[in-house]
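The values are calculated or read from the model by the stated rules, or taken from the named source; none is laboratory data. The structure displayed is predicted, hence computed values, not measured ones. Every residue, glycine as well, gets a Cβ built from its backbone with ideal geometry; the counts of neighbours run over all protein chains shown. Ligands, DNA and RNA are excluded from the accessible area calculation, which covers all protein heavy atoms including side chains. Shrake-Rupley method; radii C 1.70, N 1.55, O 1.52, S 1.80 Å.
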Amino acid sequence: MFQVDQKFPHFSLETYDPKKDEVVRISLDDFAKKEWVILFFYPADFTFVCPTELLDLHKKYDEFKKLKAEIISVSTDTVYTHKAWIETEQLLTRLSYPMAADHNGKLSKLLGIYDEEKGMAQRAVFAIDKEGILRFSEIVSDSIGRNASEILRKLKALDFVEKNPGLVCPASWEEGTKTISPSIKKAGKVYKELK
């Protein structure tokens, strides 16, 4: 089983690129040493919560790109279904990040997020750094949508601590707010650090 701060399993997926209107194959190796990867799993195309989530991510896409991160949405649909959905669902007409097809559920099963009964992936997100290390993951109930701003906030925090070794980000940390430099002398006195 994979864990945070360990190597993420290798993957290779057929992907629909809505910007180029092309089908391409991508793998984790394509992003090595260059970009963060945000793998954003959702249950299915032509559903109800899913297009709202993909739109929310699209609205923040430029901010993710500034952090050198690529969003890849993933479901167990085919690339052809992805294309048809974008052409049908008006919320998705300007979608600009790749949509991967885990049609056989192989990656979803490997990650432990495949719902055998429904034959679909659960709502899960994985942030993988440039070295292929999983830095955060989250799985939520199918009935609730996720917040792209919160995923972006976590990515900003991860980027900050990567660039500032020895510092940690407290709860609800936002860019520009106080961080903590851990020390035994500060244990039990964190409130002083955050004044």
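Points to keep in mind about this one:
- Among residues of segment 167-189 that are β-branched (Val, Ile, Thr), those with a Cβ under 6 angstrom from a residue that is at pLDDT below 90, sequence gap 6+ or separate chain, pair up as 180/193.
- Residues located in segment 136-145, provided they are in contact with a strand residue (DSSP E or B) (Cβ under 6 Å, 6 or more places away or on another chain) and either free of Cβ contacts under 8 Å to residues at least 40 places away in the same chain or under 21 Å from residue 62 (Cα atoms) (or both): 136, 138, 139, 140
- Looking across segment 56-77 at every residue that is in contact (Cβ under 8 Å) with a residue 40 or more places away in the chain and surrounded by fewer than 18 Cβ atoms within 10 Å (Cβ to Cβ), the one that is nearest to residue 13 (Cα to Cα) is identified as 68.
- Residue that is least open to solvent (accessible area, probe 1.4 Å) [pool: residues in segment 1-44 that are acidic (Asp, Glu) and either without any contact (Cβ under 8 Å) to a residue 24 or more places away in the chain or assigned to a loop (DSSP other than H, G, I, E, B) (or both)]: 35
- Subset of segment 74-86 [of a type in the set (Ser, Thr, Tyr) and either touching a Leu at 6+ places or on another chain (Cβ under 6 Å) or assigned to a loop (DSSP other than H, G, I, E, B) (or both)]: 76, 78
- Every condition in (1) closer than 20 Å to residue 156 by Cβ; (2) touching an Asp or Glu at 6+ places or on another chain (Cβ under 7 Å) holds for residue 63 except the one numbered (2).
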